[in-house]
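Values quoted throughout were computed directly from the atomic coordinates according to the rules given, and no laboratory measurement underlies them. For clarity, every value in this text was computed on a predicted model and none was experimentally measured. Reconstructed Cβ throughout: ideal geometry from the backbone, glycine too, with neighbour counts over all protein chains shown.
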Amino acid sequence: MKPTVLLKVAAIAIMTSGLIVGCQQSSTDDAPAEPMAEEECTGATPEVLNAIYAAKLKNARARNLGAEWEENAKIIEEAKKAAADCENDRAKILAEKAENAAAEAIAALSAGETEEAVEETAAPASGDSPYLGGYLVVSGDNLWSIAGQDTVYSNPFMWPLIYKVNSGRIKDADLIYPGQYFYIPKASGAARAAAIEHAKNRGAWTIGETEGSDLDYLSQ
């Protein structure tokens, strides 16, 4: 075969192989990219759930004291929705905002009640008074521990007596707060017996809710 013919054959072979490679490359480049898998939403993280729970608990305390800010419940609901949508950062910010607002409301109310308590004169312990005296709640107190003190009844089961006479200030017998001022009533034998019976047979209770059995006792 002549050299000229060989050169032509070689040129055609090179061009053909270039076209094949080019077609293969083009086919690869034009292929649609596989869609990226969306991140699966698994709900709120434990940290966010704890923040929402803390906000709900603090707001319940504010509500029982009559100090709840109107918008706070809405903020908590917004935090719960954000958590359900996996917007954990936003949910935590909202929950902490609600908890702080409830704490401020409680602090403002407690400060006011403390000032009132300082100005109040404890009920006289004379024979004509229905009270043994008064009690200013401090941190760590509850009705059970107050009733058990030697200067009160020396019997923790008599706490319903304090609850009943101060029910206008106690929304939930399981939630009292520093700065509250309670009158400590005297009690006849029948009243003492009724209080002790209620304390021993009260049954299950839930923080933040007024129990049905407590309402029955108050109505007696």
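Within segment 79-90, being under 13 Å from the mean Cα position of the chain (by Cα) and not basic (Lys, Arg) holds for one residue alone: Ala79.
crowded, with 16+ Cβ neighbours inside 10 Å and part of a helix (DSSP H, G or I), is that true of Leu57?
no
Across segment 43-54, the number of residues qualifying as crowded, with 19+ Cβ neighbours inside 10 Å and part of a loop (DSSP other than H, G, I, E, B) comes to 1. Consider Glu211 carefully, then state whether it is without any contact (Cβ under 8 Å) to a residue 24 or more places away in the chain and either surrounded by 20 or more Cβ atoms within 10 Å (Cβ to Cβ) or among the acidic types (Asp, Glu) (or both). So Glu211 fails the test. Of the residues making up segment 60-90, those that are in contact (Cβ under 8 Å) with a residue 40 or more places away in the chain, among the charged types (D, E, K, R) and not in a loop (DSSP other than H, G, I, E, B) are Arg61, Arg63.
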